[in-house]
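These notes are about the structure you will find just below.
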Amino acid sequence: MPAKTAPAKTAPAKLDYPRIVVPPPGPRARKIIALDKEWSSPSYIKEYPLVPASGRGAMLEDVDGNRYLDWMAGIAVNATGYNHPKIAAAIHEAADKFLHICGTDFYYESLALLCQRLARLAPGRDKHRVFLTNSGTEAVEGAVKLARAHTKRPHLIAFEGAFHGRTYAAMSLTCSKVKYRAGFGPLLPEVSHLPYDNPYRGGDPLAAARALFASRVSPREVAAVFMEPIQGEGGYIMPRPEFVQAWRRICDEFGILLVFDEIQSGVGRTGKMWACEHFEVEPDILLTAKGLGSGLPIGAIVAKEKVMTWGQGTHGSTFGGNPVCCAAALATLELVENELCANAARIGERLLAGLRRLQDKHSSIGDVRGVGLMIGVEFVKGRQDRVPDPELVGKLEQLAFRKGLLLLGCGQGVIRVAPPLVLDARGADAGLAILDECLSELGA
Ligand code: PLP
């Protein structure tokens, strides 16, 4: 696309939203939804009838002129908002040069620069190397191959509640909802799922690991442990640091690779570049995607150089690290490092405090947890027995949508608060007010 078709959007976002001018879905939205329903795969979920036409910062406008305040960022993707001028400019500049050459087979500067930047951003002092992918699940697939090829061991460990993607190896590690796996077997063999740490629900999550190693799987046959340092799809669960640190020790003791899937939690979302920095634990392999390209499809396997030992031609990708996506990722990292990490930390504290005030007022809120702009609000039928209330979350999502606030559930009865990292104090307060209003209306 030529640069002249991309007007620079430099005006600061005004809080002229949420603004519902026609109850959604309006007439234009209904037409598009009908077309989609007729032709698209029935496997798509479609949380609510949102049909965007344009966006700016943390605001989305739909095809009927309704404006929404976004607290979900297209599932934690739009790190820099919907149309950041610096991202748009980087994309236009790259698109004006060339669209594709295949980074697996040839060289270009943006791919090399992005690999360098991600390698340098990896936690710890080791030299890292980077393989670029098109998506999160492709990064997970590659990491499974790399871990097995490097260690020459077959077994993989992942956690209950984990979400790592929908392709075969990633799906075999995924364990958040049975519908992601049911009917698709046989899945990858040699995968064990162990309990994740859930401070709200308690228990000894390491007991099952001890039992596994004592009776079923030798730790010396385990290639890798795949862990989300903060669980995403499984319920925005932040484990205790000791849990993450214990797994680092176990991996060190038995020569197992520790893989952090930071596909949802990374790129500044938690107020630090990587969520694992909150626990002071370094992985051997770090996976990123989602927010990395601000919406363009790009992910990465970032591995210690001593681990990324696969040979030439053993792994590749036609589109992975496409030059336009690399440009978007480089511009995203620049913004995240320079301003958005700090903003996520600051606005995250404001949101956490506001959500805890709502917890004092509404007995349906059992738990508020998280860090930065990765916050889980868990709804329960009663605070005493903590039975999750997914029906309430369903109703809340729909009602908030009709009032102009975009929310998204996860886990069992949890709202994930994952707005674009550009959210400001006004956007935080406006969303809290709508949430409060919704919960009062629902008698929750
Ligand atoms: N890993 C985590 C932690 C995720 O949250 C997701 C997507 O939600 C994935 C992997 C898969 O990413 P993708 O949908 O880009 O394949």
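No lab work stands behind these numbers, since they all come straight from the coordinates. A quick note: this is a predicted structure, and the numbers were derived from the prediction, not measured. Note that we place each Cβ from the backbone using ideal geometry, even for glycine, and neighbour counts take in every protein chain shown.
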Taking the stretch 305-443, how many lysine pairs are there with alpha carbons less than 29 Å apart, if each pair must be eight or more places apart or span two chains? 6
Linear extension gain, Asp204 paired with Ala34, 0.36 nm per residue minus alpha-carbon span: 56.3 nm
Roughly how many debye, to the nearest 20, is the charge dipole of the chain about its Cα centre, given +1 on each Lys and Arg Cβ, -1 on each Asp and Glu Cβ, and no other charges? 220
Looking at the chain, which longest stretch skips every one of the chymotrypsin sites (Phe, Trp or Tyr not before Pro) that is in a DSSP loop with at most 12 other Cβ atoms within 10 Å, leaving the sites themselves out? 185-444
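May I ask you to compute the full-extension gain from Asp252 to Trp310, defined as 0.36 nm times their residue separation minus their alpha-carbon distance, rounded to one decimal in nm?
On the way: separation 58, 0.36 × 58 = 20.88 nm, distance 2.10 nm.
Going from the current span to full extension adds 18.8 nm.
R0 = 35 Å: FRET efficiency of Ala211 with Ile75, Cβ-based, nearest 0.05? Walk me through the numbers before you get to the answer.
On the way: r = 34 Å, r/R0 = 0.98.
Efficiency for this residue pair is about 0.55.
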Residues in the stretch 144-182 reached by a label modelled at Ser43 [backbone nitrogen below 18 Å; 7 Å Cα→Cβ]: 163-182
Relative contact order for the chain: what percent, with Cα pairs under 8 Å and sequence separation of 6 or more? 21
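Given Cα pairs under 8 Å that are at least 6 residues apart, what percent is the relative contact order of the stretch 88-336? Walk me through the numbers on the way to the answer.
Working: 488 pairs, mean separation 73.9, N = 249.
Dividing the mean separation by the residue count of the stretch 88-336 yields 30 percent.
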Return the aspartates and glutamates within reach of Lys127: Cα separation strictly under 15 angstrom, same-chain partners fewer than 8 residues apart disregarded; answer none if there are no such residues. Glu282, Asp284, Glu305
For the pair Lys145 and Arg426, the simple spin-label estimate (label points 7 Å beyond Cα toward Cβ) gives in nm 4.8
Please report, to two decimal places, log10 I(q)/I(0) for the chain at q = 0.08, 0.12 Å⁻¹ as given by the Debye formula with identical point scatterers on the Cα atoms and no solvent. -0.45, -1.04
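How about the stretch 70-147: which trypsin sites (Lys or Arg not before Pro) there are in a DSSP loop, with at most 15 other Cβ atoms within 10 Å of their Cβ?
Details: sites: Lys86, Lys97, Arg117, Arg120, Arg125, Lys127, Arg129, Lys145; in loops: Arg125, Lys127.
Hits after loop and neighbour filter: Arg125, Lys127.
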Among the stretch 297-311, those whose backbone N falls under 12 Å of a label point 7 Å along Cα→Cβ from Leu113 are none
Can you pull the semi-axes for the stretch 157-273, root of five times each eigenvalue of the Cα gyration tensor, sorted largest first, whole Å? 20, 19, 14
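Pairs of lysine in the stretch 12-119 with Cα under 22 Å and at least 8 positions apart or on different chains: total?
Numbers: Lys14/Lys86; Lys31/Lys46; Lys37/Lys46; Lys86/Lys97.
Taking the Cα cut-off of 22 Å, the pair count is 4.
Restricting to the chain, what percent of DSSP beta bridges are antiparallel, rounded to 5? Before the final figure, lay out each step's value.
Details: 33 of 50 bridges.
Percent antiparallel among DSSP bridges in the chain is about 65.
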Potential lengthening between Cys102 and Arg166 on full extension [0.36 nm per residue; Cα-Cα distance subtracted]: 20.6 nm
Roughly speaking, what is the centre-to-centre gap between the stretch 257-296 and the stretch 25-54 when only Cα atoms are used, to the nearest Å? 32
